[in-house]
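Engineer: The structure that follows is given in the form of structure tokens.
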Amino acid sequence: VSRPVLGIDVGGTKLLGCAVDAADPSDPLLERRIDTPADADALLEAIETMVRLLQGGLADAGRAEATGLGVGVPALVALDGVLCSATHLAGLADLPLRAVLRERLGLVVQVDNDANCAALAEARFGAAQGQREVLVVTLGTGIGAGIVTGGRLLRGAHGLAGEPGHMVVVPDGRACPCGRRGCWERYASGTGLGLSGRDAAREGRAPGLVTRAGGVEQVRGEHVVDAAIGGEAGALVVMEEFAGWVALGLANLTNILDPAVIVLGGGLVDAGDVLLAPVREAFDRLAVGTSARPLPTIEPARLGPLAGAVGAASIALPAEV
Ligand SMILES: [Zn+2]
């Protein structure tokens, strides 16, 4: 019996923790969740609390103590485990999280971006299991992504690779919180779908959306999805445009990376074919040399909300697929 490994996914509202067996990490031995606190000191305390909860659960189950911990955080993480920027977590910029946690917990600790963790989990144990060239794109408030190549995460020179959400697809386009304009995630995320839905509502192209949301400015991405599933013409047009934006970015990335599988994650993907079918259709049209080359398949993510925690544990496992 191998020693268990711990994984913690630091989310905006919850810390999701799990303990996995190296022999089958996709099926966690146990899971725990606690609220994410607001500041850096309290977050370190919360991670410590989570580790105690998980170790206690392992002891109760008669398992050995874990000696390794992986942590996924919603921030850019440098190769040495120092947080470079953490827009959603106050006071964490420049925190040497890996070193601090090693010191406090006495465990072997790995830290990475949350999207990278989720991507590794989907590539190793989820929708792209067994594939070594995988692009995982999560459509949420923004766009999270991770690139797996040769079975390992592509980290880049500084650990900051795999952030396609801010590639510019429309010069002088929609303003982005990153300070620039026209970033892919302003068009192809859940937020982007909401922006497109409101545009259509304002221009009178989607009256059903306005009724559903209770007003033009209340239209969100989920209203567009629900209306499109219901077959409303205006919403289907918005969905088609949205699928085009998603596919444009995926086609650009495919030209660079040539993945075997693209895994699409995030709440929107639960909508199923109303999104996936037009994305696949637009992708086939936009990818270069479609008649003469194999293209990646586009698959929905399989691991669900636990992908981040399982992925965090898997960055602390020995690297092989
Ligand atoms: Zn941006």
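Engineer: Kindly check whether there is at least one residue in region 280-299 that is under 20 Å from D112 (Cβ atoms), in contact with a Leu (Cβ under 7 Å, 6 or more places away or on another chain) and in contact (Cβ under 8 Å) with a residue 12 or more places away in the chain. Lay out the reasoning, then the answer.
Structural biologist: Within region 280-299, the first condition is being under 20 Å from D112 (Cβ atoms), and the residues that meet it are none.
No, region 280-299 contains no residue that is under 20 Å from D112 (Cβ atoms), in contact with a Leu (Cβ under 7 Å, 6 or more places away or on another chain) and in contact (Cβ under 8 Å) with a residue 12 or more places away in the chain.
Engineer: Same structure again: Do we find that A75 is in contact with a Ser or Thr (Cβ under 8 Å, 6 or more places away or on another chain), buried (at least 19 other Cβ atoms within 10 Å of the Cβ) and more than 13 Å from A312 (Cα to Cα) in this structure?
Structural biologist: Considered against the rule, which asks whether it is in contact with a Ser or Thr (Cβ under 8 Å, 6 or more places away or on another chain), buried (at least 19 other Cβ atoms within 10 Å of the Cβ) and more than 13 Å from A312 (Cα to Cα), A75 comes out as yes.
Engineer: A further question on this structure: For region 224-246, what are the residues that are open to solvent by 10 Å² or more (accessible area, probe 1.4 Å) and either touching a Pro at 6+ places or on another chain (Cβ under 6 Å) or not aliphatic (A, V, I, L, M) (or both)?
Structural biologist: Selection gives D226, G230, G231, E232, G234, E240, E241, G244, W245.
Engineer: Here's a follow-up. Kindly provide the set of residues from region 139-152 that are more than 9 Å from the ligand (Cβ to nearest atom) and either in a loop (DSSP other than H, G, I, E, B) or not polar (S, T, N, Q) (or both), ordered by number.
Structural biologist: L139, G140, T141, I143, G144, A145, G146, I147, V148, G150, G151, R152
Engineer: Filter region 247-258 down to residues that are within 20 Å of A123 (Cα to Cα) and open to solvent by 10 Å² or more (accessible area, probe 1.4 Å), then give me how many there are.
Structural biologist: 5
Engineer: Can you name the residue in region 153-175 that is out of contact with any Lys or Arg (no Cβ under 8 Å at 6 or more places or on another chain) and within 10 Å of the ligand (Cβ to nearest atom) and is also most open to solvent (accessible area, probe 1.4 Å) among such residues?
Structural biologist: E163
Engineer: Identify all residues within region 1-33 that are under 19 Å from A59 (Cβ atoms) and open to solvent by less than 40 Å² (accessible area, probe 1.4 Å); write none if there are none.
Structural biologist: P4, V5, L6, G7, I8, G17, C18, A19, V20, D21, P28, L30
Engineer: Quick one: count up the residues across region 176-194 that are within 9 Å of the ligand (Cβ to nearest atom) and among the hydrophobic types (A, V, I, L, M, F, W, C).
Structural biologist: Summing the residues that are within 9 Å of the ligand (Cβ to nearest atom) and among the hydrophobic types (A, V, I, L, M, F, W, C) in region 176-194 gives 4.
Engineer: Would a scan of region 90-102 turn up a residue that is at pLDDT below 95, assigned to a strand (DSSP E or B) and out of contact with any Gly (no Cβ under 6 Å at 6 or more places or on another chain)?
Structural biologist: Within region 90-102 (the criterion being at pLDDT below 95, assigned to a strand (DSSP E or B) and out of contact with any Gly (no Cβ under 6 Å at 6 or more places or on another chain)), the answer is yes, since at least one residue qualifies.
Engineer: A follow-up question, please. State all residues of region 11-45 that are part of a strand (DSSP E or B), in contact with an Asp or Glu (Cβ under 7 Å, 6 or more places away or on another chain) and farther than 24 Å from T141 by Cα; if no residue qualifies, say none.
Structural biologist: C18
The values are calculated or read from the model by the stated rules, or taken from the named source; none is laboratory data. Quantities reported herein were computed from a predicted structural model and do not represent experimental measurements. Because the Cβ atoms are built from the backbone with ideal geometry, glycine has one as well, and the counts that use them run over all protein chains shown. Just so you know, the surface numbers come from the protein's heavy atoms only, side chains and all, with ligands and any DNA or RNA stripped out. Shrake-Rupley method; radii C 1.70, N 1.55, O 1.52, S 1.80 Å.
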